[in-house]
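Peer 1: Before we start, here is the structure in question, set down as structure tokens.
Just so it is clear, none of the values below were taken in a lab; they were calculated from the coordinates. Quantities reported herein were computed from a predicted structural model and do not represent experimental measurements. Positions of Cβ are generated from backbone atoms using ideal geometry, with glycine treated the same way; all protein chains shown enter the neighbour counts.
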Amino acid sequence: MAAVNYVFERVEKKYMMNAEQYKRLLKGMEAYMTADSYGIHTIRNVYYDTDDYELI
């Protein structure tokens, strides 16, 4: 039986950009992404877990 890995690691990389870089980024993504029916909104996350991190 294989060992169970109980380690969860989330890595986020964030970059500062100016208005021109932002416009170029949006333009470059046009071919791959479309706005959903919810429009522009802020993403918020809520994480629920057990005391021993069983769900993660």
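Peer 1: Restricting to DSSP loop positions (anything but H, G, I, E, B) with no more than 13 other Cβ atoms inside 10 Å of their own Cβ, which GluC sites (Glu not before Pro) remain in the chain? Intermediate values should be presented prior to the final figure.
Peer 2: Values: sites: Glu9, Glu12, Glu20, Glu30, Glu54; in loops: Glu9, Glu12, Glu30, Glu54.
Loop-located and lightly packed - Glu9, Glu12, Glu30, Glu54.
Peer 1: Whole-Å semi-axes of the chain's equivalent ellipsoid, largest first, each the root of 5 times a Cα gyration tensor eigenvalue? It would help to have the intermediate numbers written out before the result.
Peer 2: On the way: eigenvalues 248, 48, 36 Å².
Square roots of five times the eigenvalues give 35, 16, 13 Å.
Peer 1: Further question on the same structure: If you keep only loop residues by DSSP, which trypsin sites (Lys or Arg not before Pro) in the chain have at most 13 other Cβ atoms within 10 Å of their Cβ?
Peer 2: Numbers: sites: Arg10, Lys13, Lys14, Lys23, Arg24, Lys27, Arg44; in loops: Arg10, Lys13, Lys14, Arg44.
Passing sites in the chain are Arg10, Lys13, Lys14, Arg44.
Peer 1: For helix 19-29, report the angle its Cα long axis makes with the longest principal axis of the Cα atoms of the chain; keep it between 0 and 90° and round to the nearest 10°.
Peer 2: The angle comes out near 70 degrees.
Peer 1: Just to confirm the filter: which chymotrypsin sites (Phe, Trp or Tyr not before Pro) across the chain are DSSP coil and have at most 15 other Cβ within 10 angstrom of their Cβ? Don't skip to the answer; put the middle values down first.
Peer 2: Details: sites: Tyr6, Phe8, Tyr15, Tyr22, Tyr32, Tyr38, Tyr47, Tyr48, Tyr53; in loops: Tyr6, Phe8, Tyr15, Tyr32, Tyr38, Tyr47, Tyr48, Tyr53.
For chymotrypsin sites (Phe, Trp or Tyr not before Pro) across the chain that sit outside H, G, I, E and B with at most 15 neighbouring Cβ atoms in 10 Å, the list reads Tyr6, Phe8, Tyr15, Tyr32, Tyr38, Tyr47, Tyr48, Tyr53.
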